[in-house]
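The values are calculated or read from the model by the stated rules, or taken from the named source; none is laboratory data. Bear in mind the structure is a predicted one, so any value in this text is a computation, not a measurement. Cβ sites come from the backbone with ideal geometry, for glycine too, and all protein chains shown count toward neighbours.
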Amino acid sequence: MTGTGNEIELMAAHWASIAFGGWSSPDEEQNCAKWLAEDPRHLGAFARAMAILETIREAQVLEGGGELPLPSFEDVEPGNPLSRRRLLAGLVASIALSAVLKETTPVAHAMEYRTARGQRRVIELPDGLKLTMNTESALTLRLGLATREVTFETGEVVIDEPAGNALPLRICVNGARATTSGGAFSISRIHPGPTDFLVTTGEATLQMGPDSQTLNAGSLARLDHAKMVSLRQISSTEQESLLSWRDGVFRFHDITLAEAAAEFARYSDLAIRLGDSEVGALRVTGVFSLGKPRAFAEAVGAAFNLRVVHEENDVLLEKN
């Protein structure tokens, strides 16, 4: 996976922190080696990250300076991937230690991600972490020496964290902090105010000031300024409705037409206008495409015998 300079430094810090503590599995080491081979810049960034770690651990030893030996190419067996990986590891270590004698750079990096109206975005890391962002959402991803952190700001985000990662995932949301070693989580803050934190699989420990709470699958916590406003278990049907945007659809269940129109407005510049409050109070159930407000208006108009007036920038639903 290639990327911008900041993204490369971010991933390098991630892999270096794992390598420094020891690989948890052969697959993990192979994934790192694959990433290093994808782009020449990856090796340099990884070396700089390793240099910081070596500085922390061996500052006194390295204080005297001196020349450091480079690995030999003579023992490399042609066509032997393991031998080449060992050489690569030795070369990286030598470059890292040499960098300590010169100039080092911080290994903690932060990347901000945002989506525009109607846009969805998926961010995948080599360790399996996956972030799916809905329309008009924002988050910050930080990878450091001892943890991985996602700070949620606004919108809707689904976080899929595979089990077995060497570093825990920390999720910061509305003044609270959730820590997990595996699971799937949905975070939603559409309007100013409380934030909904849903555990769909796995579990998370939610820290709110001095208080903590373990949340299991199906738990929906409402958070506001580091306090839990409410906590309840929700059904799989309600979860499907909340997460249907990932499939590009709304799953409305007995909501008002006014609420449905507001949902469509989050994804499109085309507005659904309602003739009066009685039209807005009509209740809707069904599955509708996120990006087709005109088709929704036609379907609702037919169902409730409403007049549908299409304009350039909006569509009006009113009584006949």
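Going by the conditions given, is Asn313 more than 22 Å from Thr135 (Cβ to Cβ) and exposed (fewer than 14 other Cβ atoms within 10 Å of the Cβ)? Judged against the criteria, Asn313 is not a match.
Taken over region 164-187, the residue count meeting the criterion of being part of a loop (DSSP other than H, G, I, E, B) and under 28 Å from Gly248 (Cβ atoms) is 2. Any residue in region 123-133 that is crowded, with 20+ Cβ neighbours inside 10 Å, over 10 Å from the mean Cα position of the chain (by Cα) and assigned to a strand (DSSP E or B)? Checked against the condition, which is being crowded, with 20+ Cβ neighbours inside 10 Å, over 10 Å from the mean Cα position of the chain (by Cα) and assigned to a strand (DSSP E or B), region 123-133 yields no hits at all.
Applying a threshold of 9 Å to beta carbon distances and a minimum spacing of six or more residues, or different chains, the list of pairs starting in region 216-234 at a residue that is more than 18 Å from Asn174 (Cα to Cα) and touching a residue at least 24 places away in the same chain (Cβ under 8 Å) and ending at one that is surrounded by 14 or more Cβ atoms within 10 Å (Cβ to Cβ) and acidic (Asp, Glu) reads Ala217/Glu203.
Among the residues of region 143-159, which ones are among the charged types (D, E, K, R) and surrounded by fewer than 19 Cβ atoms within 10 Å (Cβ to Cβ)? The one that is among the charged types (D, E, K, R) and surrounded by fewer than 19 Cβ atoms within 10 Å (Cβ to Cβ): Glu153.
With the requirement that a residue be of a type in the set (Gly, Ala, Ser) and part of a loop (DSSP other than H, G, I, E, B), what does region 12-43 give you? Once the filter is applied, which keeps residues that are of a type in the set (Gly, Ala, Ser) and part of a loop (DSSP other than H, G, I, E, B), region 12-43 yields Gly22, Ser24, Ser25. I'd like to check something: does region 282-293 contain any residue that is touching a residue at least 40 places away in the same chain (Cβ under 8 Å) and in a strand (DSSP E or B)? Yes. Return the pair list, or none, for Cβ contacts closer than 6 Å from residues in region 166-180 that are touching a residue at least 40 places away in the same chain (Cβ under 8 Å) to residues that are of a type in the set (D, E, K, R) and buried (at least 18 other Cβ atoms within 10 Å of the Cβ), at least 6 apart or on different chains. Listed by first residue and then by second, the contacts come to Leu167/Arg148; Leu169/Arg148; Leu169/Glu161.
Residue-wise test of (1) at pLDDT 95 or above; (2) under 25 Å from Pro194 (Cα atoms).
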position	(1), (2)
Tyr113	no, yes
Arg117	no, yes
Leu129	no, no
Ser137	yes, yes
Leu143	no, no
Val158	yes, yes
Pro162	no, no
Leu169	no, yes
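Tallying residues that are at pLDDT 95 or above, of a type in the set (Ser, Thr, Tyr) and surrounded by fewer than 16 Cβ atoms within 10 Å (Cβ to Cβ) within region 207-229 yields 1.
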